[in-house]
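Trainee: This is the structure I have questions about; it appears just below.
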Amino acid sequence: MINVRGYAAANAKALLGPFKFERRELRAHDVLIDIIYSGVCHSDIHMARDEWGGSIYPLVPGHEIVGRVSRVGSDVKAFKVGDLAGVGVLVDSCRQCTSCKQGNEQYCEVHLVPTYSGLEMDMKTVTYGGYSTQIVTDENYVLHISDKLSLAGVAPLLCAGITTYSPLRHWKVGKGHKVGVVGLGGLGHMAVKFAASFGAEVTVLSTSDSKQNDAKKLGAHHFVNTKDDAAMKKARNSFDFLLNTVSAPHNINALISLLKVNGTMIMVGISPEDLSLSVSGLISKRKTIAGSMIGGLRETQEMLDYCADKNIVSDVEVIAMKDINEAYERMIKGDVRYRFVIDIATL
Ligand code: NAP
Ligand code: ZN
Ligand code: ZN
């Protein structure tokens with residue numbers, strides 16, 4: 001077994017603190033990655049605090065992982081020692097079902113192995129995430145990382161990046177579309193960068209007026225404060241798409257009213273409480289509400305390559321491991337510009 005140091009939550013009420021644990025010895029197709037940076041996703045907070053139910057403790061969060069390969073299993077073909085490597089939200093799946101065969105492993109119909117707080121395919125071994133010194137992952141679930149980009153800025157691409165890239169691609173968002181990004185946090189700021197890069201006309205819909213200048217710098221063309229009733233009224237019937245990244249309960253009916261006839265709101269934010277939907281708002285203008293979860297391995301690599309080509313990274317604030325609990329509090333207040341990334345050397 002491989003001894004690893006990390007940070008864990010002991011239960012839903014506990015702060016995160018130091019935790020030692022073991023990773024499996026390398027199998028034939030495994031790579032051992034020395035983690036350099038680990039991004040902090042709002043899902044880490046939802047999971048550490050059991051806000052969605054089903055969390056397994058002790059819980060080591062972290063699914064935006066970049067590092068360097070330090071050892072490879074006997075049959076590994078895709079990586080060699082010294083390569084940069086990334087791990088995102090999933091580390092295995094059944095590999096047999098229709099979704100897996102299509103490269104949509106995130107929608108595996110049999111069993112999806114999340115990077116942390118889930119069970120391996122043996123349905124026994126608990127997974128531990130990237131707030132840790134090393135990870136062992138099957139090469140088929142590891143991404144190649146370009147050395148052209150800032151490594152700290154790349155880490156959030158593994159979740160925030162692919163979660164926003166994938167729906168924008170699926171719905172073919174681009175030139176001629178008016179897109180609203182709801183919530184300017186980790187996911188939201190990547191959604192703005194991608195939507196603008198794909199040629200769409202982008203509006204940030206935010207509760208924080210203080211983010212207005214940043215929104216423009218990130219590539220947005222317009223800004224609407226969702227608490228401003230007059231501005232919301234003016235924006236009615238104007239969007240082809242809304243990408244909703246909000247992490248907490250909020251009024252989705254007010255947002256739906258902003259869609260044009262035939263418009264679509266894509267949910268990626270996962271509020272711990274169900275949101276109430278007024279169906280008449282959909283029916284009266286043939287609107288659609290949809291959902292999307294991360295992206296498959298192939299598409300994640302495509303997104304990373306796109307970012308390397310277009311020089312797209314996340315805007316990050318690098319923190320020390322010991323500051324993680326404070327970072328969580330700041331994220332909950334919407335006070336992050338725009339992703340915290342842990343420097344694992346501080347662990
Ligand atoms: P984040 O950085 O904390 O950003 C969330 C943003 O939502 C905040 O910055 C804030 O933006 C807005 N917001 C927060 N509370 C709000 C409220 N009560 N009403 C209205 N707006 C509010 O979080 P994140 O890491 O981007 O994650 C966002 C959500 O996506 C989380 O629920 C996370 O679990 C989920 N997620 C889903 C997937 C997936 O595959 N679908 C993947 C990753 C994450 P403003 O200040 O601009 O209003
Ligand atoms: Zn995430
Ligand atoms: Zn499957």
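The values are calculated or read from the model by the stated rules, or taken from the named source; none is laboratory data. Since this is a predicted model, take the numbers as computed values, not measurements. Cβ: placed from backbone, ideal geometry, glycine included. Neighbour counts: every protein chain shown. Keep in mind that these areas ignore ligands, DNA and RNA; they rest on the heavy atoms of the full protein, side chains included. Shrake-Rupley method; radii C 1.70, N 1.55, O 1.52, S 1.80 Å.
Trainee: Taking the condition of being open to solvent by 20 Å² or more (accessible area, probe 1.4 Å) and in contact with a Phe, Trp or Tyr (Cβ under 8 Å, 6 or more places away or on another chain), how many residues in the range 198-213 meet it?
Mentor: So the count comes out to 1.
Trainee: Cβ-Cβ under 8 Å, sequence separation 6+ or interchain: first residue in the range 212-234 and at negative phi, partner surrounded by 13 or more Cβ atoms within 10 Å (Cβ to Cβ) and basic (Lys, Arg). Which pairs?
Mentor: Every condition considered, the pairs that remain are ASP214/ARG337; LEU218/LYS193; PHE223/LYS211; PHE223/LYS216.
Trainee: Quickly run through the range 211-222 and pick out the residues that are more than 23 Å from the chain's Cα centre (by Cα) and closer than 18 Å to ASP335 by Cβ. Working first, answer last.
Mentor: Our first condition is that a residue be more than 23 Å from the chain's Cα centre (by Cα); within the range 211-222, this holds for 213, 221-222.
ASN213, the sole residue that qualifies.
Trainee: Are there any strands (runs of 3 or more DSSP E) wholly within the range 1-66 with 3 or more residues that are crowded, with 18+ Cβ neighbours inside 10 Å and in contact (Cβ under 8 Å) with a residue 60 or more places away in the chain, and if so which?
Mentor: 2-9, 30-39
Trainee: Quick one: which of LYS148, LYS172 is more than 19 Å from PHE223 (Cα to Cα) and without any contact (Cβ under 8 Å) to a residue 40 or more places away in the chain?
Mentor: Exactly one of LYS148, LYS172 is more than 19 Å from PHE223 (Cα to Cα) and without any contact (Cβ under 8 Å) to a residue 40 or more places away in the chain, namely LYS172.
Trainee: I'd like the residue in the range 291-329 that is within 14 Å of ligand 1 (Cβ to nearest atom) and among the polar types (S, T, N, Q) and, out of all such residues, is surrounded by the most Cβ atoms within 10 Å (Cβ to Cβ).
Mentor: Once the filter is applied, the top-ranked residue is THR300.
Trainee: May I pose another question? Run ALA235 past the list (1) more than 23 Å from the chain's Cα centre (by Cα); (2) open to solvent by 20 Å² or more (accessible area, probe 1.4 Å) and report the number of the one that doesn't hold.
Mentor: ALA235 satisfies every listed condition except (2).
Trainee: Moving on to the next point. Under 9 Å between Cβ atoms, which residue pairs at least 6 apart in sequence (or on different chains) link something in the range 261-290 that is without any contact (Cβ under 8 Å) to a residue 40 or more places away in the chain and more than 13 Å from ligand 1 (Cβ to nearest atom) with a partner that is among the acidic types (Asp, Glu) and open to solvent by less than 60 Å² (accessible area, probe 1.4 Å)?
Mentor: ASN262/ASP240; GLY263/ASP240
Trainee: A follow-up question, please. Does any residue of the range 274-281 turn out to be among the β-branched types (Val, Ile, Thr), open to solvent by 10 Å² or more (accessible area, probe 1.4 Å) and in contact with a Ser or Thr (Cβ under 9 Å, 6 or more places away or on another chain)?
Mentor: No, because not a single residue in the range 274-281 is among the β-branched types (Val, Ile, Thr), open to solvent by 10 Å² or more (accessible area, probe 1.4 Å) and in contact with a Ser or Thr (Cβ under 9 Å, 6 or more places away or on another chain).
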